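*Asks:* Pasting in a structure now, in structure tokens, and then I'll have a few things to ask.
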Amino acid sequence: MGRSGWRRLKALALVALCAAALWGVKWWTQPVHRIAGLDGPPEQALPAPPPPADPAAFARGGRSRLALFVTDRQSPWLGLATGLRTIGVPFVVTTDVKEAVRHAVVLAYPTISGRHIDTAASQALRAHVENGGTLVGFEILGAGLADVFGIAAEPRAAPRKSLDWTDEAAARWDFTSPQEKSLLLVNGPDAPRAGYAWTSADADVIARFDDGSPAVVGRRHGRGHSYAVGLDLGAFISQAQQGRLSGREYVNAYTPQVDVLLRWLKAIYREGEPGAVTLGTVPQGRTLSVVLSYDVDYTESVGNAQEYAAAHARQGVRGTFFVQTKYVRDWNDDLFFDEDHLGLLRQLQQSGGELASHSVAHSPVFASLPLGDGSERYQSYAPFVKSKTETRDATLLGELRVSRFLLAQATPAPVESFRPGHLEYPRALPQALAASGYRFSSSMAAGPAMSHLPFQLSYGREGRALVPVHEFPITLEDERMRPMDTALLPRALDVAGQLARYGGMCVVLIHPNVLDDKLRFQQQFVERMKERDAWIGPLGEFAAWWTAREQVEVDVDTGGTAPVLRLNTDQPIAGLPLQLPAGLRLAGGSARATGPHGVSVDLPAGVTVLPLEAAR
């Protein structure tokens with residue numbers, strides 16, 4: 001190299017050093033970008049612990065409903081109550097056996113024993129079954145009802161790992177896939193779950209534990225039916241839904257343990273109550289619900305999100321964009337929430353995208369952040385991710401409050417949904433979400449939740465007091481199987497097919513950091529779901545429908561010359577699917593449409609009376 005070449009090389013090196021120095025100065029002197037004129041949110045908000053749930057709050061309803069007879073108020077009965085509501089079974093909760101046996105189907109939970117019910121209650125339950133009612137019991141330790149359930153001795157408690165339906169039971173209740181026939185209760189040898197194995201006298205074995213002992217038995221007694229269940233369903237459902245268990249699979253798999261158990265209770269109710277009307281789980285009674293969602297947490301993702309929204313528009317669907325409001329440069333990435341980004345988000349919203357929060361810092365240790373004092377606000381709040389294990393100056397409430405405030409500047413619609421980075425799930429998240437103005441969370445994977453249906457969260461994830469926030473667990477995501485359009489698509493279609501059999505929900509999570517295989521997957525998956533008549537849309541739209549559905553009160557009056565269905569709701573709801581008793585239909589053309597999971601009706605607020613008639 002000549003002398004002039006060396007001079008040019010030195011000059012270029014000097015320029016590079018100067019640029020690096022300027023970049024370093026910028027890094028350390030301008031690590032936070034603040035948008036002028038924005039300051040908030042102004043109000044302070046701290047979560048307040050609610051009182052424990054009271055059975056009396058669920059006591060209203062007619063005789064056609066299932067009765068959850070609570071024999072111990074301190075038990076996790078709330079898990080059963082929220083589970084029944086999720087699966088669409090109308091119910092009442094009572095601690096009075098006289099009220100319970102007015103209903104054709106009674107769940108006695110958690111314990112039947114001389115310590116929890118007296119002789120009069122025991123006799124009432126016996127008479128209920130002998131006179132044609134259905135009784136489901138769990139921990140049956142006495143009270144003189146062993147012969148009613150067909151068991152010969154007290155159950156044997158031991159750690160259990162799985163519950164397996166017999167071939168006859170699986171065929172009877174349409175549990176056809178391997179994941180439905182064998183329910184994994186725990187994952188790994190260090191997490192045993194207590195179960196009660198029955199000694200059957202003259203009952204039919206319906207399900208067995210992994211050691212072969214009877215887990216569920218049933219029999220006909222008198223003119224009625226009884227079932228003894230060796231698994232504490234209230235505790236199991238509550239712990240799974242509150243993210244306190246782990247499953248065999250995390251995402252990209254069919255993990256329906258809770259759903260199968262709820263489907264079984266629903267089937268028992270429909271078999272035992274002649275006037276049973278239950279609610280379907282998909283708008284307009286379609287096959288399944290597909291929620292499209294995107295985690296915008298990378299510099300290039302902001303622009304790429306526009307391409308995904310454009311693909312939505314071409315296919316006639318919409319999706320939810322969980323946006324990180326990253327205005328601090330740190331270990332994670334450069335900052336990207338600025339005036340230009342705010343403009344792009346407005347364009348995204350105007351093109352049909354729904355905006356939701358993905359926090360400010362996207363901290364890898366989000367689950368261990370302190371709660372905060374509820375006064376955190378932009379512009380003083382500046383969380384800094386120093387490393388994978390350390391985040392400074394961040395609080396749980398700050399991440400929720402400030403991100404929601406900033407996103408509200410880009411959309412006239414309320415920002416009501418949240419998803420944490422890395423799906424980090426602190427115990428205080430439910431109440432912190434409620435205090436910060438959120439109504440919907442998509443913070444769990446379906447594997448740990450053991451469910452593909454939404455459910456209401458509880459304070460501290462303890463299952464004892466509800467908060468007004470619902471969880472929508474994630475079924476499919478993009479980081480574990482690439483390329484998505486070839487590696488994940490076949491499995492995704494198989495999972496969706498399983499969910500369509502009972503009206504499950506499929507939340508799809510895509511990081512729009514690239515286009516390529518991810519965008520192709522989105523387009524192909526949406527087309528296949530449209531062919532299967534799935535409901536497809538953003539989280540907020542589905543969640544608003546779901547929470548309205550959960551408020552619908554269902555009663556059937558069979559005392560007159562013809563049965564009458566009474567529906568009561570505080571807010572209107574469109575496309576509500578009703579599953580009617582066999583041999584009955586809505587009279588007078590009341591149904592809007594008929595789908596695989598029921599006939600759909602549109603309800604105004606208030607009471608709607610629909611007569612039923614024999615189906616021709």
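*Asks:* How much area per residue is accessible in the chain when the probe is 1.4 Å and only protein heavy atoms are counted (Å²)?
*Replies:* I get 39 Å² per residue for the chain.
*Asks:* Further question: Any idea what angle helix 339-350 forms with the longest principal axis of the chain, computed on alpha-carbon atoms, 0 to 90 degrees, nearest 10?
*Replies:* Computed tilt is about 40 degrees.
*Asks:* Over the Cα atoms of segment 319-411, what is the Rg over Rh ratio if Rh follows Kirkwood?
*Replies:* Across segment 319-411, the Cα-based Rg/Rh ratio is 0.97.
*Asks:* Okay, moving on. What FRET efficiency would be calculated for the residue pair residue 204, residue 515, taking the C-beta separation as r and a Förster radius of 60 Å, to the nearest 0.05?
*Replies:* 0.60
*Asks:* With a sphere of radius 14 Å drawn around the Cβ of residue 331, what net charge do the other residues whose Cβ falls strictly inside it have (Lys, Arg +1; Asp, Glu -1)?
*Replies:* Here the count lands on -1.
*Asks:* Another one. Roughly how much of residue 102 is accessible, in Å² to the nearest 10, using a 1.4 Å probe?
*Replies:* Per-residue accessible area (residue 102): approximately 100 Å².
*Asks:* Hey, any idea what % of segment 36-126's accessible area is carbon plus sulfur with a 1.4 Å probe?
*Replies:* Values: 2000 of 3870 Å².
It is 52 percent, rounded to a whole number.
*Asks:* Listed highest first by mean packing, meaning other Cβ atoms within 10 Å per residue, what order do 400-411, 136-147, 375-386 come in?
*Replies:* The densest-packed peptide leads the list: 400-411, 136-147, 375-386.
*Asks:* About the Cα centre of segment 142-266, how large is the charge dipole given +1 on each Lys and Arg Cβ and -1 on each Asp and Glu Cβ? Please answer in debye to the nearest 20.
*Replies:* On the way: 14 positive and 15 negative charges, 47 e Å.
So the magnitude is around 220 debye.
*Asks:* Considering the dipole of the chain built from charges on the beta carbon (Lys and Arg +1, Asp and Glu -1) around the Cα centre, which of 383, 569, 236 is farthest to its positive end?
*Replies:* Towards the positive end, the residue furthest out is 383.
*Asks:* Across the chain, how many lysine pairs, 8 or more positions apart or on different chains, have C-alpha atoms separated by under 18 Å? Please give the number.
*Replies:* On the way: 26/326; 26/386; 161/181; 181/266; 326/386; 326/388.
Qualifying lysine pairs in the chain: 6.
*Asks:* Report the full-extension gain for the segment residue 482 to residue 346: residue separation times 0.36 nm, less the Cα-Cα distance, to one decimal in nm. Show your work: numbers first, answer last.
*Replies:* Numbers: separation 136, 0.36 × 136 = 48.96 nm, distance 3.08 nm.
Result: 45.9 nm gained on full extension.
*Asks:* For residue 511, what residues show an amide H to amide H distance below 5 Å, using hydrogens built from the backbone and excluding near sequence neighbours?
*Replies:* For residue 511, whose amide H was placed from the backbone, the distant partners under 5 Å are 295, 478.
*Asks:* Between residue 594 and residue 154, what is 0.36 nm times their sequence separation minus the Cα-Cα distance? Round to one decimal in nm.
*Replies:* Extending this stretch completely gives an extra 153.7 nm.
*Asks:* Now for a separate question. Over the chain, what relative contact order in percent results from Cα pairs under 8 Å that are six or more residues apart?
*Replies:* It rounds to 16 percent for the chain.
*Asks:* Within the set of other residues whose C-beta is less than 12 Å from the C-beta of residue 242, count the net charge using Lys and Arg as +1 and Asp and Glu as -1.
*Replies:* +2
*Asks:* Taking the chain as the reference, fit the longest principal axis to its C-alpha atoms, fit the long axis of helix 301-315 to the helix C-alpha atoms, and give the angle between the two in degrees, 0 to 90, nearest 10.
*Replies:* Between the helix axis and the principal axis of the chain, the angle is about 50 degrees.
*Asks:* A follow-up question, please. Take the alpha-carbon positions of segment 475-616, form their convex hull, and give its projected area averaged over all directions (one quarter of the hull surface) in nm².
*Replies:* Over every viewing direction, the Cα hull of segment 475-616 projects on average to 10.2 nm².
*Asks:* How much length is gained on full extension from residue 388 to residue 43, taking 0.36 nm per residue of separation minus their Cα-Cα distance?
*Replies:* Working it through step by step, the gained length comes to 121.0 nm.
*Asks:* Per residue of segment 208-219, in order, report the coupling 6.51 cos²θ - 1.76 cosθ + 1.60 (Karplus, θ = phi - 60°) as ³J(HN,Hα) in whole Hz, putting x for Gly and Pro.
*Replies:* 10, 7, 4, 8, x, 6, x, 9, 9, 10, x, 7
*Asks:* Out of the DSSP beta bridges found with both residues in the chain, what percent are antiparallel (nearest 5)?
*Replies:* Details: 52 of 95 bridges.
Percentage antiparallel, nearest 5: 55.
*Asks:* Given 10 Å bins starting at zero, what is the percent of C-alpha pairs of segment 121-244 in each, up to the one with the largest pair distance?
*Replies:* Final binned percentages: 13, 42, 34, 11, 1.
*Asks:* Which distance in Å, rounded to a whole number, links the C-alpha centroids of segment 28-61 and segment 283-297?
*Replies:* 26
*Asks:* If you don't mind, there's one more thing I want to ask. Please list 85, 286 from largest to smallest accessible area, probe radius 1.4 Å, with all protein chains kept in place.
*Replies:* 286, 85
*Asks:* Quick one: P(r) of segment 469-559 from all Cα-Cα pairs, 5 Å bins, percents rounded to integers, in order of increasing distance.
*Replies:* All Cα pairs, binned at 5 Å, distribute as 2, 11, 21, 21, 17, 11, 6, 4, 3, 2, 1, 1, 0 percent.
*Asks:* Once both axes come from the Cα atoms, what is the angle between helix 539-550 and the longest principal axis of the chain, in degrees from 0 to 90, rounded to 10?
*Replies:* With both axes taken from Cα atoms, the answer is about 20 degrees.
*Asks:* Another question about this same structure. At a 1.4 Å probe radius, carbon and sulfur cover how many percent of the accessible area of segment 302-449?
*Replies:* 48
*Asks:* Sorted by packing (mean other beta-carbon atoms within 10 Å per residue), highest first, where do 354-367, 104-117 land?
*Replies:* Sorting 354-367, 104-117 by mean packing, highest first, produces 354-367, 104-117.
*Asks:* Okay, next question. Out of 490, 524, 508, whose Cα points farthest toward the positive end of the dipole of segment 435-570 (charges: +1 Lys, Arg; -1 Asp, Glu; placed on Cβ)?
*Replies:* Ranked along the dipole, the leading option is 490.
*Asks:* About its Cα centre, how strong a charge dipole does the chain have in debye, to the nearest 20, once Lys and Arg get +1 and Asp and Glu get -1 at the Cβ?
*Replies:* So the dipole magnitude of the chain works out to roughly 660 debye.
*Asks:* Here's another thing I want to ask about it. Based on C-alpha coordinates, I'd like the Rg and Dmax of the chain, in Å.
*Replies:* 27.1, 108
*Asks:* Hey, can you grab everything whose amide H is under 5 Å from the amide H of residue 536? Only 5+ residues off in sequence or another chain; H modelled, so Pro and N-termini drop out.
*Replies:* It is 290, by chain and number.
*Asks:* Moving on. Please report, as a whole percent, how much of the solvent-accessible surface of segment 464-616 comes from carbon and sulfur atoms (probe radius 1.4 Å).
*Replies:* Ligands and nucleic acids excluded, carbon and sulfur reach 49 percent.
*Asks:* Extending each Cα 7 Å along its Cβ direction at residue 35 and residue 250, get the distance between those two points in nm, one decimal.
*Replies:* Calculated label separation equals 3.3 nm.
The values are calculated or read from the model by the stated rules, or taken from the named source; none is laboratory data. Note that the structure is predicted; figures quoted are calculated from it, not measured. Positions of Cβ are backbone-derived with ideal geometry, glycine not excepted, and every protein chain shown enters the neighbour counts. Areas reflect the complete protein model, heavy atoms only, side chains present, ligands, DNA and RNA absent. Shrake-Rupley method; radii C 1.70, N 1.55, O 1.52, S 1.80 Å.
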